[in-house]
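First the structure, in the form of structure tokens, and then the observations on it.
The values are calculated or read from the model by the stated rules, or taken from the named source; none is laboratory data. In this text the structure is predicted, and so the values were computed from the model without any measurement. Because the Cβ atoms are built from the backbone with ideal geometry, glycine has one as well, and the counts that use them run over all protein chains shown. Areas reflect the complete protein model, heavy atoms only, side chains present, ligands, DNA and RNA absent. Shrake-Rupley method; radii C 1.70, N 1.55, O 1.52, S 1.80 Å.
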Amino acid sequence: MEDYAASSDDEYRYSDPEDSVDAFDNDDNDYQLVSSKGPSTQVITKESLLGAQKEDLRKVMDMLSVREQHARTLLIFHRWDVEKLFAVYVDRGKHFLFSEAGVTVDEHRDSNSSAAPLTIMCEICIEDVPSDETTKMDCGHCFCNGCWTEHFIVKINEGQSKRIRCMAHKCYSICDEAVVITLLSKKHPDMAEKYERFLLESYIEDNKRVKWCPSAPHCGNAIRVEDDELFEVECSCGLQFCFSCLSEAHSPCSCLMWELWAKKCRDESETVNWITVHTKPCPKCHKPVEKNGGCNLVSCICGQAFCWLCGGATGREHTLSSIAAHSCGRYEEQEKTAERAKRDLYRYMHYHNRYKAHTDSFKLESKLKETIQKKIAVSEEKHSTLRDYSWVNNGLSRLFRSRRVLSYSYAFAFYMFGDELFKEEMTEAQREIKQNLFEDQQQQLEANVEKLSKILEERFQTFKYDKVMEIRMQIINLTTIIDKLCQKMYECIENDLLGSLHIGVHNIAPYKSKGIDKASELSVHNIAL
Amino acid sequence: MANSNLPRRIIKETQRLLSEPAPGISASPSEDNMRYFNVMILGPTQSPYEGGVFKLELFLPEEYPMAAPKVRFLTKIYHPNIDKLGRICLDILKDKWSPALQIRTVLLSIQALLSAPNPDDPLSENIAKHWKSNEAEAVETAKEWTRLYASGA
Ligand SMILES: [Zn+2]
Ligand SMILES: [Zn+2]
Ligand SMILES: [Zn+2]
Ligand SMILES: [Zn+2]
Ligand SMILES: [Zn+2]
Ligand SMILES: [Zn+2]
Ligand SMILES: [Zn+2]
């Protein structure tokens, strides 16, 4: 998994190590256009967690007319999937739903009406206990409060808070949380607190629609989604991430592609590969020696001569094609593997260089943010009639977004047209057609992005009015064209490339013209508690 | 005595284990630690362990009975649910433990496990494989081990 740098400190960000995989921090936040579509993702903070949970509890309580603690036990069992819970209710009935989750409702609670004996022998501690110091759970099993309390503590310490079962053998009933809290609170308020926190956090940890924001240090938030489609999201702390794999936003790479790519970039093995492709160890001193010149006799600085093809030590007497008194057998096989390794390495370097060029540009362009604000200020002074500079800001955010897309599109292409994932999926000819189709789009996008980048660097604040209007038109046009091209490239990826795959499902987060969705704050006060 | 603050439940259980022992099972607390029991289980009839006397140790942790007792075979035994160190794979000693269970029920369950090995939930991969691929041969090995290591001392 990726590490996330705390993204509040700009200085820190720009000093990212050269080869950092997470080259894109979330620098385009300030330029986010207001999303027109209603938000489908929400931030759950420490404060709103309780409210968020109550929403779902309320639905179940209303539907099944049960108390809150039973609703929670049911929801925990069904991993907070209200729809699934209701489906089980409809298909299998209330009795099945309850017993499956270990909920017993009030069947034995009213036994107080009959005259209770003064003392009861607790079967766990074998002590006679005054009956008002015993507790009967909903399942009907009654033990002394001391035993219950100890049982709860052991289970909480074992990490079983969310499903503490009754103490009786083969009773699968879940202990009523209200009872657990009441009994613990008497002597162990710290444990009661711990227990309540576990129950609360179950809403995040056992819920496939809610995930902790992966920020480090952790911002304390979780994100909730409405449907389980793959997408990328921005937490209110500013971190943008893939909801599915929780690493940095990586569309149009699928999660698997991104995982492989990030690993490949991190691995030193690629550098090691370069050495194995281009050098051979000296048979005497074992230093790597590069081949120089055409013949296969190479010499190490230690003075040892050896054969480049098999690595064996030789004398110095040789012709272009043979070395005296040396017969070399492993030529062809060695040459072949070396060739393949070299080809693979060059292929990776091709894609990585372009990937990196765009991440580097992105870093440089991030600095444009400040300079452009200054330029706008100067220009405003100069041309009193020109008030609207949204075209610059829109152009800039378009640039940031398309840089991301471009950069990740190289990692995508590396896997899409490589052997690692889809070798069996297409013939060499099909692959070539698809690759041409894709690269066509990619190149068009690339050309326009570079154009936009260049224009945005122009010193428009020094221009005359007419020239400013001209540059304004150019930027507006490019902004629109680039958006269209990104869209087209995604269509190509979704329909012509990934859409035609037979094995392995590769989903990618859809293209968002307006940038990655920001999760909205969950407004708790709207929820009837 | 060092065991003066022993819970009443442990005292009761111990008394009953000594006064009315379960057939084929004996369990007696150690002199200096009343939470540590020396246990002997006779190999059940019609099992590969028939005729064997198996020594075990049983220890009641501080949390007992909220936590399960710790039990281990001291005698070497060839059984798919018991490993080299004598550790036992038995659900009631793990997640199915209930404070309502007792030392007696645990030992009876272990005795039952000797009669009915369960190679589908193995602790010892190799023995389980042996058991599944050639049960007759595995049973022979178990008998052999019983003769070698458990023939009573
Ligand atoms: Zn008790
Ligand atoms: Zn019960
Ligand atoms: Zn966050
Ligand atoms: Zn992902
Ligand atoms: Zn050398
Ligand atoms: Zn030469
Ligand atoms: Zn050679």
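What to note about this one:
- For the protein assembly as shown, with +1 on Lys and Arg beta carbons and -1 on Asp and Glu, the positive-most of B:TYR78, A:ALA222, B:ILE88 along the dipole: B:TYR78
- Kirkwood analysis of the Cα pair distances in region A:119-208 returns a hydrodynamic radius of 13.5 Å.
- Magnitude of the charge dipole for the protein assembly as shown, about its Cα centre and with charges confined to Cβ atoms of Lys, Arg (+1) and Asp, Glu (-1), is about 720 debye.
- Rg over Rh for region A:165-207 works out to 1.04, using Cα positions for both radii and the Kirkwood form for Rh.
- Cα long-axis angle, helix B:8-19 against chain B (0 to 90 degrees, to the nearest 10): 60 degrees
- Using the Cβ-Cβ distance between A:GLU226 and A:HIS350 with R0 = 45 Å, the FRET efficiency computed as 1/(1 + (r/R0)^6) comes to roughly 0.65.
- Under 14 Å from a label point set 7 Å out along the Cα-to-Cβ vector of A:GLU290, the amide N atoms of region A:301-326 belong to A:301.
- For region B:1-45 versus region A:42-102, the gap between their alpha-carbon centres in whole angstrom: 46 Å
- Taking 1.567 mPa s as the viscosity and 4 °C as the temperature, the Stokes-Einstein diffusion coefficient of region A:277-433 based on its alpha-carbon Kirkwood radius rounds to 62 µm²/s.
- Alpha-carbon Rg with Dmax, taken over region B:66-150, Å: 13.3, 41
- The HN-Hα couplings worked out from phi for region A:238-248 by the Karplus form 6.51 cos²θ - 1.76 cosθ + 1.60 (θ = phi - 60°) are x, 6, 9, 8, 7, 5, 7, 9, 6, 9, 4 Hz, whole numbers, x standing for Gly and Pro.
- Residues of type lysines that A:LYS186 reaches as a straight line, Cα spacing below 20 Å, ignoring anything fewer than 8 places off in the same chain: A:LYS136, A:LYS155, A:LYS194
- Here B:GLU50 and A:ALA447 are evaluated by their C-beta separation; at R0 = 60 Å the FRET efficiency comes out at 0.10.
- With R₀ fixed at 56 Å, the C-beta to C-beta distance from A:ARG67 to A:ASN495 puts the FRET efficiency at about 0.65.
- Under 5 Å between amide hydrogens, built in the peptide plane, is the criterion, and for A:LYS518 it picks out A:GLU234 among residues at least 5 positions away or on other chains.
- In the B-A interface, the accessible area buried, summed over both sides, Å² (probe 1.4 Å): 1200 Å²
- Cleavage-rule hits (trypsin sites (Lys or Arg not before Pro)) in region A:380-438: DSSP loop, at most 14 neighbouring Cβ within 10 angstrom: A:ARG387, A:LYS423
- Take the Kirkwood radius over Cα pairs of the protein assembly as shown, plug it into Stokes-Einstein at 4 °C and 1.567 mPa s, and you get 40 µm²/s for translational diffusion.
- The charge dipole of region A:394-529, taken about its Cα centre with unit charges on the Cβ atoms of Lys, Arg (+1), Asp and Glu (-1) only, comes to about 860 debye.
- For chain B, a Gaussian network of Cα nodes joined below 10 Å ranks B:ALA100, B:ALA116, B:ALA68 by mean-square fluctuation, and the top entry is B:ALA100.
- Taking only alpha carbon atoms, region A:48-103 gives an Rg to Rh ratio of 0.94, where Rh is the Kirkwood radius.
- Of the residues A:MET191, A:GLY140, A:HIS169, the one whose Cα sits farthest toward the positive end of the charge dipole of region A:119-208, with +1 on the Cβ of Lys and Arg and -1 on the Cβ of Asp and Glu, is A:HIS169.
- Helix B:135-149 and the longest principal axis of the Cα set of chain B meet at an angle near 50°.
- Near the amide H of B:LEU58, within less than 5 Å, lie the amide hydrogens of B:PHE37, B:VAL39, all on another chain or at least 5 residues away, with H placed in the peptide plane.
- Once the Cα atoms are used to define both axes, helix B:103-115 deviates from the longest principal axis of chain B by about 10 degrees.
- Projected label distance in nm at A:TYR465 and A:ARG92, using a 7 Å step from Cα toward the beta-carbon: 7.6 nm
- Inter-site label distance for A:LYS454 and A:ARG343 at 7 Å from Cα along Cβ, in nm: 3.6 nm
- Placing +1 on the Cβ of every Lys and Arg and -1 on the Cβ of every Asp and Glu, with nothing else charged, gives region B:6-148 a dipole about its Cα centre of roughly 320 debye.
- In this simple spin-label model, placing a label point 7 Å from the Cα along the Cα-to-Cβ direction at both A:ALA178 and A:GLU370 gives a separation of 5.9 nm.
- Leading residue at positive end of dipole, region A:341-417 (Cβ point charges), from A:TRP391, A:ILE376, A:ALA411: A:ALA411
- Calculated [θ] (222 nm, deg cm²/dmol) that DSSP helices of n ≥ 4 give over the protein assembly as shown, each run adding -39,500 (n - 2.57): -14500 deg cm²/dmol
- Over 21 Å apart at the Cα level, from the set A:LYS375/A:LYS454; A:LYS59/A:LYS84; A:LYS211/A:LYS367; A:LYS363/A:LYS464; A:LYS454/A:LYS488, are A:LYS211/A:LYS367; A:LYS363/A:LYS464; A:LYS454/A:LYS488.
- At the listed q of 0.14, 0.21 Å⁻¹, the Debye profile of region A:388-493, built from one uniform point per Cα, gives log10 I(q)/I(0) equal to -0.61, -1.02.
- Straight-line cross-link reach from A:LYS280 at under 20 Å between alpha-carbon atoms covers these lysines, not counting any fewer than eight positions away in the same chain: A:LYS291, A:LYS336, A:LYS342.
- Region B:6-148 has equivalent-ellipsoid semi-axes of 28, 16, 12 Å, by the square roots of 5 times the alpha carbon gyration tensor eigenvalues, sorted largest first.
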